[in-house]
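The values are calculated or read from the model by the stated rules, or taken from the named source; none is laboratory data. Since this is a predicted model, take the numbers as computed values, not measurements. In this analysis, Cβ positions are derived from the backbone assuming ideal geometry, glycine residues included, and neighbour counts consider all displayed protein chains. The area values use the complete protein model at the heavy-atom level, side chains included, leaving out ligands, DNA and RNA. Shrake-Rupley method; radii C 1.70, N 1.55, O 1.52, S 1.80 Å.
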Amino acid sequence: MSNCNAKNSLNCWGEKLDDVVMDCQVCGYKHVIELPSSEALRKLYEEEFYQSDKKEYIAASSADDSWRDIEFGRRYDIVEKKLSNRSGERLTAFDIGCGPGDFLAHGKDRGWDVRGIEPSSVASKYARSRGLDVQTGFFDANAANNLPKFDFVHMSEVLEHVPNPLEVIQLAKGLLKENGILTISVPNDFSPMQRALVDACDYSPWWVVPNHHLNYFDFDSLANLIAKAGLDVFDKTTNFPMEMFLLMGQAYTQKPDLGRKLHGWRKNFDLNMAVNKNGFHEDFYRALADVGMGRLVVLFAQFPND
Ligand SMILES: [Zn+2]
């Protein structure tokens, strides 16, 4: 990000935003213009994030267990299918920024050998209390150098927070076995449904939160960044487009109670769609991802075939 001086306008997403976020042609994705200091970032994710911003996340977690198993299960399903030609040895997974360890716990339950890293002392301690192998710390070159190679490296909602996403992808790539898979998810920002909300309903871009989200990706910009790091994206998916509720007139962004209610509705949708194992739940999300929609960008990548 150090080379980007040109302030490219966001074009019609609101003049006020142009002082905060730029559509960077050097980096290839949208990012904030003013980066917080590394000291501020360290303090935020080591000491504050799970204590304040995600305070209720760990406590509220168990109510979402069965739904989260479906969300995470979809990712493991795609990865296991791709790795299916392997011999019977136990598959290994590493989760970067694993929080309280939900993704790892799911993998462990389905027979994976799992490890993770998480900067928040509270969240990583909680993960260890569940019997998970999780170290406290930031995923940097030093951490990466002390790790073995894995079949599956997962990084969910990390890259929007870091000042150097390309470098983080390159470090994650260094952890992959020859046929290993890197799965990255980030919020799908400046998306078509968000555009519709700005155009039709006078929403201001509420997803721009420069104190936490330094980078704003979509399917194309994240895929391009992964390609820049030397990996091939072979699959993509997303999850429920929460903006659909806003487009239906359910303005939940400032109303936590309504937000929880609608979260319950999307959980119902996923739980019911997942009952039938014919794959059309995943087909639905893959189709959304194909047109750039859905709340998250979730991409699956491997080393290129020669
Ligand atoms: Zn840039």
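So here's what we get for this one:
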{"quantity": "Count of residues meeting criterion [aliphatic (A, V, I, L, M) and free of Cβ contacts under 8 Å to residues at least 24 places away in the same chain] in region 206-222", "calculated": "1"}
{"quantity": "Qualifying positions in region 275-306 - of a type in the set (S, T, N, Q) and more than 15 Å from LYS236 (Cα to Cα)", "calculated": "ASN276, ASN278, ASN305"}
{"quantity": "Some residue of region 173-185 being buried (at least 19 other Cβ atoms within 10 Å of the Cβ), farther than 22 Å from PHE139 by Cβ and not hydroxyl-bearing (Ser, Thr, Tyr)", "calculated": "no"}
{"quantity": "Those residues of region 81-113 which are part of a loop (DSSP other than H, G, I, E, B) and open to solvent by less than 40 Å² (accessible area, probe 1.4 Å), in sequence order", "calculated": "LEU83, LEU91, GLY97, CYS98, GLY99, PRO100, GLY101, GLY111, TRP112"}
{"quantity": "Scope region 114-143; condition of a type in the set (A, V, I, L, M, F, W, C), surrounded by 14 or more Cβ atoms within 10 Å (Cβ to Cβ) and farther than 14 Å from TYR50 by Cβ; matching residues", "calculated": "VAL114, ILE117, LEU132, PHE138, PHE139, ALA143"}
{"quantity": "Of the criteria (1) aliphatic (A, V, I, L, M); (2) within 30 Å of LEU91 (Cβ to Cβ); (3) open to solvent by 20 Å² or more (accessible area, probe 1.4 Å), which one ALA200 fails", "calculated": "(2)"}
{"quantity": "Pair list, Cβ < 7 Å and 6+ apart or interchain, from region 33-53 residues that are closer than 15 Å to SER121 by Cβ to residues that are assigned to a helix (DSSP H, G or I)", "calculated": "GLU46/SER121; TYR50/TYR57; TYR50/ILE58; TYR50/VAL122; TYR50/ALA123; GLN51/VAL122"}
{"quantity": "Residue that is least open to solvent (accessible area, probe 1.4 Å), among those in region 17-32 that are in contact (Cβ under 8 Å) with a residue 12 or more places away in the chain and more than 10 Å from the ligand (Cβ to nearest atom)", "calculated": "VAL21"}
{"quantity": "Filter result for the condition that a residue is within 19 Å of the chain's Cα centre (by Cα), on the phi > 0 side of the Ramachandran plot and open to solvent by 10 Å² or more (accessible area, probe 1.4 Å), over PHE190, PHE219", "calculated": "PHE190"}
{"quantity": "Flag if CYS4 is at pLDDT 90 or above, within 8 Å of the ligand (Cβ to nearest atom), open to solvent by less than 40 Å² (accessible area, probe 1.4 Å) and part of a loop (DSSP other than H, G, I, E, B)", "calculated": "no"}
{"quantity": "Test: ALA274 is among the aliphatic types (A, V, I, L, M) and touching a residue at least 60 places away in the same chain (Cβ under 8 Å)", "calculated": "yes"}
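For every residue, the table says whether it meets (1) modelled with pLDDT of 95 or more; (2) touching a strand residue (DSSP E or B) at 6+ places or on another chain (Cβ under 7 Å); (3) within 20 Å of GLN170 (Cα to Cα).
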| site | (1), (2), (3) |
| --- | --- |
| SER84 | no, no, no |
| ALA93 | yes, yes, yes |
| ILE96 | yes, yes, yes |
| ASP113 | yes, yes, no |
| GLY116 | yes, yes, yes |
| ALA127 | yes, yes, no |
| GLY131 | yes, no, no |
| ASP140 | yes, no, yes |
